[in-house]
Amino acid sequence: MLTNVSSPERIIDVAELWAGYGATPILQGVNMSVWRGEIVGVIGRNGVGKSTLMRCLIGLLQTWRGTISFMGQDVTALEADARARAGFGYIPQGRDVFPQMTVEENLQVGELIGGPGGKKLPELVYEYFPRLKERRRQAAGTMSGGEQQQLAIGRALIGNPSLMILDEPSEGIQPSIVQHICEALRSFRNELGTTIIFVEQNLDTILAIAERCYIMEKGKITRSLAGAEVNEDDVREQLLL
Amino acid sequence: MSAELFSLFYQFADVFAFLILSAAGLAIVFGMMGVINMAHGEFIMCGAYVTVGLVNLGVPLAVAQILAALTAGLIGVLVEFLVVRRFYKRPLDSLLATWGLSLIVTQSMLLIVGSAVRGIGTPEGSFAIGGYTFSTYRLVLFGCAVAVLAGLYIIFMKTRFGVIARATMQNAAMAKALGARTGRIYAISFGIGTGLAGLCGALYAPTMTLIPTMGATFVVESFVTVVIGGANVLLGTAPAAVFLAMIRMALNASYGQIIGQIGMLVAVILIIRVLPEGLSSVLVRRGR
Amino acid sequence: MALVEVKGVSKRFGGLTAVSGVDLTVNAGEIHCLIGPNGAGKSTLFKLIVGLYPPTEGNILFDTVDITAERPYARVQRGMSIKMQAPSVFKELPVRQNIQTALQERLSGPERIAEEDRLLTLLNLAADCDKLAGALSHGQQQWLEIGMALALKPQLLLLDEPTAGMSPEETFKTGELIRSFNAEGMTVLVVEHDMAFVRQVAQRVTVLHLGRIFARGTLESILQDGKVAEIYLGKTHAH
Amino acid sequence: MFKLLEGPQTLGRGKMFWSCFLVVLAGALAYPSFADSYDVGNFAYFLIWIFMALGLCLMWGYGGMLSFGQTLFFGIAGYGYGVLAINMGGGTATIAALVLSVVLAMIAAGILGYFMIWGGINGIFFGIVTLSATLVLAFFLGQTAGPEWHIGSARLNGFNGMKGMDPLTVGDFYVEGSALYYVMVALIVIVYLALRMLVNSGIGNVIVATRENPQRAEMLGYDVRKYQLLTFVIGSGLAGLSGALYTSWGQFITPSSIGLPAAAMPIVWVAFSGRSDLTATLVGAFLLLFGFQTITVYSQQAALVLMGVLLLATVMLAPQGFVLGIGKLAADWWQARRRRSDVAEAGRLQPEES
Amino acid sequence: AEPPLKVGLLEDVSGDLAFMGMPKLHGSQLAIEEINKSGGILGRQIELIHLDPQGDNARYQEFGRRLLNRDKVDVLIGGITSASREALRPIVDRTTTPYFYTNQYEGGVCDASMISMGAVPEQQFSTLIPWMVEKFGKKVYVIAADYNFGQISAEWNRKIMKDLGGEVVGEEFIPLGVSQFAQTIQNIQKAKPDWLLTINVGAAQDSFFEQAAAANLNLPMGSSIKVMLGFEHKRFKPPALNNMHATANWFEEIDTPEATEFKKRWHAKFPDELYINDMGYNAYNALYMYKALVEKAKSIKLDDMRKVIATGDACIDAPEGKVCIDPKSQHTSHRMRLISVGPKHEVKVEKDYGTIQPYWLGEIGCDLTKKNDKDQYTPSHLPKKS
Ligand SMILES: Nc1ncnc2c1ncn2[C@@H]1O[C@H](COP(=O)(O)OP(=O)(O)OP(=O)(O)O)[C@@H](O)[C@H]1O
Ligand SMILES: Nc1ncnc2c1ncn2[C@@H]1O[C@H](COP(=O)(O)OP(=O)(O)OP(=O)(O)O)[C@@H](O)[C@H]1O
Ligand SMILES: NC(N)=O
Ligand SMILES: [Mg+2]
Ligand SMILES: [Mg+2]
């Protein structure tokens, strides 16, 4: 099924997506759709291709076949930077902060490139992650793992994207801040209407914010859990596989 | 006495200017972008030849020098587009590619322009202090070196472009995912680097013999300066040049050029041994 | 009996004190969990123990020998191994060769191959053993790194966030794995943020905050501690 | 032992590869019987340089140490051979001079390597230190023209170069022409096979692991510095072997064999060939030496342009190096052909991916 | 017809020295064309095989062998730097092929296989230095390239200055490739010499002149390699070379009828030549000298040619005048002239010394008619008294 006629509320539409590394296909026909303002989780075991899917969404990995549409526009051929400027925000797995730049400069990169977010955003980020404010002038590469993760999230938030793609945002973060991040993401969605797609393994996080979940297995979306299905037992069952 | 003091400063300034001007372009291209640019000397040569060519056409020297730097910059952008952009992920191959380029360029210049080009003479005249006379132009060179350092610092530390450019060079994919037009940023940065190399050639053109292989005279010094500057080239290059210039000047003055040259290289070895991450590693304060 | 004794150890980075006068004893045969907020100094403490950083102050004893001045490889040869927080496998080498490099000092010939196969199966990497380690997914790299640490058969195993990026089930499996090794006599010191995992494995828990020991005891006592909840756990776990 | 000839660290394995190896070797051994004696000597000359390339391949491709100092040790052994051969009086003593000069280079490499590796120097800093050391030696030797610069009865003779040493000699027989050629072929085969065994051994594992991540390697209990030093000494020793052989071949050596641009040449050979594999380096360095000479003979002033184009085209078209690139092309083609025939046979048995 | 004579030529036409090597190639080509037109040597045409060693000593060795062993040339000519000559000598010495070195150089090579066509110190310095001392004063400052040529030339200067009662107030050796001279200029001013001996070598070191002029150094200069060899007066903007003095067997500015005729032929064939330097000129002469030797010996064998040389009658009429090969050293006698360069870089012949023999090697004991030393001597490295 190939549709280019997606309704305007659908912020992202992935149809029959194939992609991989070298000659090895990883994503083998992924279909998914996300509506404006949704918070959608993608879950699955290690190595099934969740990160690969996220890389395709932001455009760091070329799609072999299939289409990605963003607000009804086909963005499959757009490069990552163009997608970012169109409103995609991305937090990669493994943080990827700019190691030799200070925390402040890392945030600046997100801010300078991102869309118009108003002056409040940096303050907001510092509010959510006070550690970042404390360490404004520290080289990002010398921060602790969790601090870097906070920075990566802050860096994406600050660009005020309309779609945020988060690859395991809670990894390595202390429980209280995980809760914090969950609240932050929710309030972002509530206040700014940001759509959020996230990959997660942490059960608490999934339960706390996901409104819908896609289950991934071997390069395909095999199921989706909607509404009430996003409960501890169902999710656990899916992750058990 | 003050004449001796001035001459000490003059000699220092002279070596310092040489090191900074020859290294500035490489600081960006190699130090920041990681491209082992063996054709650095050829961009310097390009700046020198364009300057001389334009002056011979009647263009005033200063204008010719600026145009020459721009030409080298534009050629740099072109070279980046045609060759260098393939090599950001494999810097060691950039060595081979640019070395090939360097061979092509020097020899083509020899074939096209000929083996020797007539010089244009040094402007600005001379002045005397104590028993010595000095070339005024050498102070101009020093001024330019300082200006280049300041300019680089401002561009890469204080501007929007600079922040994004540094981010791109540290992690291009991530910068791209944040919306940076990394291709363009790379091209511009490379162009700035080669433009500065061209500027070096342009500034030294009046004072040197022009042959197609002239770039070679600058290359060792420029690599050495950039490398011992360390990872943070914007902070490291200046102290590296100060350090090397002092050593070189002192040895040149007391023991002659050969000891100056050997001594500088030995100093390089010792500095790296003491600071295996280069000079900037002690300058960048960790934490707050 | 103390296997590791950290005595009054501090580590400063410029003006920042990441670890400050820490005293910590890990007893032989126990599973000891180190928890604490981001930036508390947990990873730094690990690096001090394996010798990647020299301490600014203090001493570290392993098996009653002062190893403060020893290089990391010597400490590893004494019987410790570490899984670092960020996966640091040999990215351009095949998965199997990663394991082999860790094993080859201990075993050789067919025994080594058999052990490689056993570990690869255990780590769920048997199918990917010819892939370059850099081409593994993030979670798989974590597994590989754990495998390399295990391959050394250390007396003391240091695990820095071993289950980050693992699903609850995999986390549980990892916990069981660690317990089984512990049952064979391996001492384990582990940093984690996943309380379920900590609950599963920990015999003793130490909380680090701002570079200092903040609390220690059993997990239950820690979870009851309101201050720990405030600085670290947040609402959910503060029952 | 011989199992180590193959392994994950070296490309080329199985019957196919070793048959090719034997065919090439047989061809090489038969070559003098049908070739012009000049060409045989010229080939022997190319082979002289290969050791330096193999040494760099070991250090750089396997060990991750980009040494600009191959010519430093080339020079030390080259001059060393000259000094020893002159002072020990030629004849069969030249064999001892050869061995001793290589040992000398290895000792020097041990000292410089200890100084660098124990000082924590790596990456590009390693390159710059070795380059500086090379240039220091070149500058120093360049100014030794005066008669006061001599070692025993051997004058260093500055920039004009040191002369007057015997070539390798056994009794009264000069090892030249096809004799030299056979010696070179034998040495190359020995060194090549020995290096293959080294890199496929446990030591080789640690060497490549150190390249990938020295900290992780140390965390596995290896004193990586020792392995790096070993790599550096062997690699530099091979450069020394080239140097001593070169001096013996031309009975002449000058500082310009040590300074720039000579120092860049080994890097060019190895990068061109594909630094990650010994076989590629062996074949590639030979082809490049041969190619550059041929180009220079036949194209006069265009030669340098053509050489530049060749290098540029190689890196742009064959990112892993010329030989590896060609090798991969061939392998792909071979596999594609096999796969095509497989597919043809399997036909519709191929399950459709659903 | 008989097969042509093969001339093997090794000249750098790429790399740093290309601007000097090019005229050398041209000189050889011109001479060969002329000789072939006028019937060749002993009726045989000449075939030129030129290879470009690109300034690389190892290439000199490779190509020397190639020309001698594969192409089996009848004569080998070429080499720019002394190092390239030294690279070739061990190879040539093991054949019976004659080798012509066509540069002026630091002198002292006593080798039966080699015939030197260029001027040597006793021809250049024993003319130049006394003249400079007489004209400008007894205090000299030397800047010299830091390698054999520079160091040995400086040694010659020291020896001659001592004989003249002069004083060397400073000597500075510059590594090849150095292009910055602010310190040197100041050192010179500090030493207050009457004149400078500039034996700096190569394009980079030539930058000295421009930088000295910019600093208003303004001292008389003398040299054995400037003007005639590197034609700096053509390459630099006046007045950088003002007040330069040099002695040589050839300057393009010599305007005797023979010289003028020669220049006309050259420029007709190579209209773009910036300057016919002495190397190019010597390279041209080398072929005529070879022709003379072969025709007198009626043989292309080195031994037979050397018999002609031993008679002392191996002479040709060159554009500079008559030149002959000295039997003891196999170096060439030259008509030496001293020139000066003016503020507009105009060149004036100040003095014509007539023919000067390359006597020094013979005096110190080199006698190739008796013994083949295969060595290079300097004032401080003399043959052992046997
Ligand atoms: N750079 C790469 N090159 C080649 N193969 C890769 C690369 N990155 C990932 N893969 C492969 O693609 C598959 C999917 O990887 P991916 O990173 O998308 O998994 P994931 O679902 O995100 O897993 P995890 O939960 O461990 O992060 C894995 O089998 C992995 O081996
Ligand atoms: N090399 C360094 N230079 C400067 N500061 C550093 C360096 N390494 C760590 N730090 C700082 O020291 C503190 C402790 O870091 P550490 O990595 O030990 O934290 P952690 O407890 O492991 O945190 P996390 O749970 O986030 O991994 C952090 O605030 C960090 O920013
Ligand atoms: N022969 C010379 N000038 O080196
Ligand atoms: Mg992932
Ligand atoms: Mg940590």
Which cross-chain or sequence-distant (5 or more) residues have an amide H under 5 Å from the amide H of residue E:222, H modelled 1.01 Å from N in plane?
-> E:196, E:197, E:198, E:245
Mind listing which trypsin sites (Lys or Arg not before Pro) in segment A:178-241 are in a DSSP loop and have 13 or fewer other Cβ atoms within 10 Å?
-> A:218
Electrostatic dipole magnitude of chain C [Cβ: Lys, Arg +1; Asp, Glu -1; Cα centre; debye, to 20] | 500
Which far-off residues, 5 or more places away or on another chain, put their amide H under 5 Å from the one on residue D:151, with H placed in the peptide plane?
-> D:156
Can you give me the Cα centroid spacing of segment D:135-152 and segment E:333-378 in angstrom?
-> 28
With the Cα gyration tensor of the protein assembly as shown giving a ≥ b ≥ c as the square roots of its eigenvalues, does the rule (a/c under 1.5 for rounded; else a/b larger than b/c for prolate; else oblate) give rounded, prolate or oblate?
-> prolate
Taking the alpha-carbon centroid of each part, what is the distance from segment A:181-241 to segment E:226-273 in angstrom?
-> 87
Value of relative contact order over segment E:232-386, rounded to a whole percent, pairs C-alpha under 8 Å and six or more apart = 25
note: chain B, Cα-Cα separations exceeding 33 Å make up a percent value of 22
Please go through the residue pairs E:296/E:385; D:3/D:328; C:91/C:153; E:291/E:385; B:89/C:131; B:89/D:226 and name each one whose alpha carbons sit more than 27 Å apart in this structure.
-> E:296/E:385; E:291/E:385; B:89/D:226
Rank these residues by their accessible area, most exposed first, probe 1.4 Å: D:166, C:128.
-> D:166, C:128
Amide H within-cut-off set for residue E:115, under 5 Å, with H built and near neighbours excluded | E:99, E:100, E:101
In degrees rounded to 10, the 0-90 angle between helix D:303-317 Cα long axis and the longest Cα principal axis of chain D is 40
What 222 nm value per residue comes from the helices of the protein assembly as shown, counting each DSSP H run with n ≥ 4 as -39,500 (n - 2.57) and dividing by all residues, nearest 500 deg cm²/dmol?
-> -16500 deg cm²/dmol
Longest segment of chain E lacking trypsin sites (Lys or Arg not before Pro) that sit in a DSSP loop with at most 11 other Cβ atoms within 10 Å | E:1-297
A 1.4 Å probe over the protein heavy atoms gives segment C:1-96 a carbon and sulfur accessible-area percentage of 48
Arranged from highest to lowest average of other beta-carbon atoms within 10 Å per residue, in what order do the peptides E:120-133, C:196-209 appear?
-> E:120-133, C:196-209
Within segment B:31-55, the residues whose backbone N lies under 17 Å from a label point placed 7 Å from the Cα of residue B:159 along the Cα-to-Cβ direction are B:32-33
What's the average, rounded to a whole number, of partner chain beta-carbon atoms within 10 Å of each residue's beta-carbon in A:173-181?
-> 6
Could you do me a favour and compute the accessible area per residue for segment E:162-289, 1.4 Å probe, result in Å²?
-> 30
Does anyone have the angle between helix D:322-346 and the longest principal axis of chain D? Alpha-carbon axes, 0 to 90°, nearest 10?
-> 20
In segment A:34-96, the chymotrypsin sites (Phe, Trp or Tyr not before Pro) that fall in loop regions by DSSP, at most 15 other Cβ within 10 Å = A:64
Farthest positive-ward along segment B:1-212 dipole, Cα basis, beta-carbon charges - from B:196, B:62, B:116 | B:196
First measure r as the distance between the Cβ atoms of residue A:229 and residue D:118, then evaluate 1/(1 + (r/R0)^6) with R0 = 60 Å and state the FRET efficiency to the nearest 0.05.
-> 0.45
Name the aspartates and glutamates eligible as straight-distance cross-link partners of residue E:138: C-alpha to C-alpha under 16 Å, and not fewer than 8 places from it in the same chain.
-> E:163, E:167, E:171, E:194
What relative contact order, as a whole-number percentage, does chain D give when Cα pairs under 8 Å and 6 or more residues apart are counted?
-> 30
Peptide E:84-92 - average C-beta neighbours from other chains (10 Å radius) | 4
Within the set of other residues whose C-beta is less than 12 Å from the C-beta of residue C:112, count the net charge using Lys and Arg as +1 and Asp and Glu as -1.
-> -2
Using 7 Å Cα-to-Cβ label points, what is the residue A:217/residue E:1 separation (nm, one decimal)?
-> 9.0
Using the charge dipole of segment D:83-217 (Lys, Arg: +1 at Cβ; Asp, Glu: -1 at Cβ; taken about the Cα centre), state which of D:159, D:128, D:192 has its Cα farthest towards the positive end.
-> D:128
Kindly point out which whole DSSP H helices in chain B project their C-alpha atoms 27 angstrom or further along the helix axis while averaging a Kyte-Doolittle hydropathy of -0.5 or above.
-> B:2-26, B:61-82, B:91-113, B:182-204, B:233-255
Pick out, from A:99, A:89, A:132, the residue whose Cα sits farthest towards the positive end of the charge dipole of segment A:10-240, with +1 on the Cβ of Lys and Arg and -1 on the Cβ of Asp and Glu.
-> A:99
With +1 on the Cβ of every Lys and Arg and -1 on the Cβ of every Asp and Glu, the dipole magnitude of chain D about its Cα centre, in debye rounded to the nearest 20, is 520
Cα-Cα pairs in segment D:40-343 separated by more than 28 Å, as a whole percent of all pairs, come to 41
Between helix E:82-93 and chain E: long-axis angle, C-alpha atoms, 0 to 90°, nearest 10 | 20
Between residue E:70 and residue B:90, take the C-beta separation as r, use R0 = 35 Å, and let me know the FRET efficiency to the nearest 0.05.
-> 0.30
Paramagnetic label zone (point 7 Å from Cα along Cα-to-C-beta, residue E:367; backbone N under 17 Å) in segment E:103-138 | E:110-112
Can you give the average number of partner chain beta-carbon atoms within 10 Å of each beta-carbon in peptide C:11-17, as a whole number?
-> 4
Cα centroids of segment D:261-326 and segment B:1-66: how far apart, whole angstrom?
-> 32
With a Förster radius of 60 Å, plug the Cβ-Cβ distance of residue B:128 and residue E:49 into 1/(1 + (r/R0)^6) and report the FRET value to the nearest 0.05.
-> 0.60
Total accessible area buried between chains E and B, 1.4 Å probe, in Å² to the nearest 100?
-> 3000
Which three semi-axes in whole Å describe the equivalent ellipsoid of segment A:10-240, each the square root of 5 times a Cα gyration tensor eigenvalue, listed largest first?
-> 27, 20, 17
Counting GluC sites (Glu not before Pro) as exposed when in a DSSP loop with at most 11 other beta carbons within 10 Å, what is the longest stretch of chain D free of them?
-> D:149-351
Shielded residues, segment E:46-65 - accessible-area loss of 20 Å² or more between chain alone and all protein chains, probe 1.4 Å | E:50, E:51, E:52, E:54, E:57, E:58, E:59, E:61, E:62, E:63, E:65
Averaged per residue, what accessible surface does segment A:10-240 expose to a 1.4 Å probe, in Å²?
-> 35
Computed for segment A:10-240: size of charge dipole around the Cα centre, +1 on C-beta of each Lys and Arg, -1 on C-beta of each Asp and Glu, debye to nearest 20, value 420
Top of E:200, E:282, E:57 by mean-square fluctuation, Gaussian network on chain E, Cα under 10 Å | E:57
According to a simple spin-label model (label point 7 Å from Cα along Cα-to-Cβ), what is the distance in nm between residue D:15 and residue C:57?
-> 7.2
Would you please calculate the Kirkwood hydrodynamic radius of segment C:48-132 over all C-alpha pairs and express it in Å, rounded to one decimal?
-> 14.9
In a Gaussian network model over chain E where Cα atoms closer than 10 Å are linked, find which of E:215, E:292, E:31 has the largest mean-square fluctuation.
-> E:215
D (µm²/s, integer) via Stokes-Einstein for segment E:185-282, Kirkwood Rh across alpha-carbon pairs, 4 °C, 1.567 mPa s: value 88
Potential extension, residue D:190-residue D:316 segment - 0.36 nm per residue separation minus Cα distance = 42.0 nm
Using a Gaussian network for chain D with springs between C-alpha atoms less than 10 Å apart, which of these wobbles most: D:201, D:67, D:37?
-> D:37
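The values are calculated or read from the model by the stated rules, or taken from the named source; none is laboratory data. Just so we're clear, the structure is a prediction, and the values are computed from it rather than from any experiment. Because the Cβ atoms are built from the backbone with ideal geometry, glycine has one as well, and the counts that use them run over all protein chains shown. In case anyone asks, the SASA skips ligands and DNA or RNA and just uses the protein heavy atoms, side chains included. Shrake-Rupley method; radii C 1.70, N 1.55, O 1.52, S 1.80 Å.
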